[in-house]
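A quick write-up on the structure given underneath.
The values are calculated or read from the model by the stated rules, or taken from the named source; none is laboratory data. Fair warning: this is a prediction, and the values are worked out from it, not measured in the lab. Heads up, the Cβs are rebuilt from the backbone with ideal geometry, glycines too, and the neighbour counts pull from every protein chain shown.
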Amino acid sequence: MVATERYSLAQSLVPLLNFRVVRPNVLIDINRLTMLDFVEEHDGGLRIGALTRHHTLETSPLVRYRFPVLAAAMQHVAHLAIRNRGTIGGSLSHADPASELPMLALLLDAEIQTSAACRAAADFFVGPLTTALADDELVTEIVLPALPPKTGWGFEEFSLRAGDFAVAAVAATLTGADGKIAKARLAAMGVGETPLRLLAAEAALTGQPFTAQLATEAAQLARDEVDPSSDLRASAGYRRHLVAALTERALETAWARAR
Amino acid sequence: MTERHLVRTAVNGVEYERTVEPRLLLSDFLRQELGLTGTHVGCEHGVCGACTVLVDGHSARSCLFLAVQADGSRIETVESLGAVDDLSPLQEAFREHHALQCGFCTPGMLMTCVDLLQSYPLASDVEIRDGLSGNLCRCTGYEHIVRAVRAMAAKR
């Protein structure tokens, strides 16, 4: 039984109410806190209010300019009617392991500002649908630090139908310098209990000149460092195969954009 | 006894005032409290799209929306588009292209298309199909709905 639920994640919460899976005694709707609906420049990065809708992130010129990977990922989130209502704060708080915004927060090293603390995305996602948030703690804004110059991005998702939950997805940012990869970040979702950084693959890429063979090797490392489960959508083995294929594609695209 | 809440909302340009339980969904509010049965209820968990309406001009699933949240909002349902003897251009395109058969999904399809046409270029069939992917139709195979939307997109 849940005593209280914050209500910025209505697109996920109301189905749970309709199925009587959760029966909150108190429900607090924060949709009228319009001061939490904003996207602003911040030291070359962005500050994004917790009540900012998915569709705003999809269409905001600032988001497209500073973090095109975020705008591109939003097109994979459900459907327009859901993106019109769903919020970044709600999605991060819900922490679905196959959801785009938690993975992007991890990829982009987001700081998640709450009513009580400033939390790093790396420490925020604890398990499936579980975060570090206390019961009375509310996400208020997300700070995305600036990406270095010459950073390219790739986002690859595989789902059974458009707008459905991802079977697996991989996002990458690569920063180029003197023909080499100065910095590599890779994150995956749908293949663990939380979104994951692909650390072995990142380490193999860093400092190396980009080649197709290097991308393949990194993709194999990525495949070997995830430990997905099987479910109705796909087997664990197929998900591992997807991680390799999606990583390779994301890296190729990211490098092409980095130069 | 559950506390009841006052909801004031403008639906299709008409002001309504009702006192409802906080758990009442907007879809049930429209159908049962206001008698606007054009909005259909399919899955009741945000998957089928049949209950799609516009809230303050933007499409939303009325089954994922509590009626109390609509207080102070402007709602448009399928009844806002046209009537049997006076179809809106979008409804006329659906008729002309045979974009419906049993009609159960049609109210949600129409309201979704209103928002798609105002939000996206819809320059390709891929984009139109992506846009329609949140609305399930078990009769048409979608092809004729795509044709109706394509015709409307070209006319804008």
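Here are the numbers for this structure:
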item: Counted residues, region A:89-100 - those being within 14 Å of chain B (Cβ to nearest Cβ) and more than 17 Å from A:Leu138 (Cβ to Cβ); result: 1
item: Extreme residue, nearest to the other protein chains (Cβ to nearest Cβ), among residues of region A:57-88 that are over 26 Å from A:Gly152 (Cα atoms) and assigned to a helix (DSSP H, G or I); result: A:Ala81
item: The one condition in (1) of a type outside the set (Ser, Thr, Tyr); (2) modelled with pLDDT under 95; (3) touching a Cys at 6+ places or on another chain (Cβ under 9 Å) that A:His94 fails to fulfil; result: (3)
item: Pair list, Cβ < 8 Å and 6+ apart or interchain, from region A:204-229 residues that are free of Cβ contacts under 8 Å to residues at least 60 places away in the same chain and more than 16 Å from A:Ala256 (Cβ to Cβ) to residues that are outside any helix (DSSP H, G or I) and basic (Lys, Arg); result: A:Thr206/A:Lys183; A:Gly207/A:Lys180; A:Gln208/A:Lys180
item: Check on A:Ala117, free of Cβ contacts under 8 Å to residues at least 24 places away in the same chain and either within 14 Å of chain B (Cβ to nearest Cβ) or of a type in the set (Val, Ile, Thr) (or both); result: no
item: Condition met for B:Leu66 (within 10 Å of chain A (Cβ to nearest Cβ), buried (at least 21 other Cβ atoms within 10 Å of the Cβ), in contact with a Pro (Cβ under 9 Å, 6 or more places away or on another chain) and of a type outside the set (D, E, K, R)); result: yes
item: Qualifying residue in region A:96-111 (condition: polar (S, T, N, Q) and closer than 20 Å to B:Ala60 by Cβ); result: yes
item: Residue in region A:118-133 that is in contact with a Phe, Trp or Tyr (Cβ under 7 Å, 6 or more places away or on another chain), buried (at least 18 other Cβ atoms within 10 Å of the Cβ), within 23 Å of A:Asp227 (Cα to Cα) and at pLDDT 95 or above present; result: yes
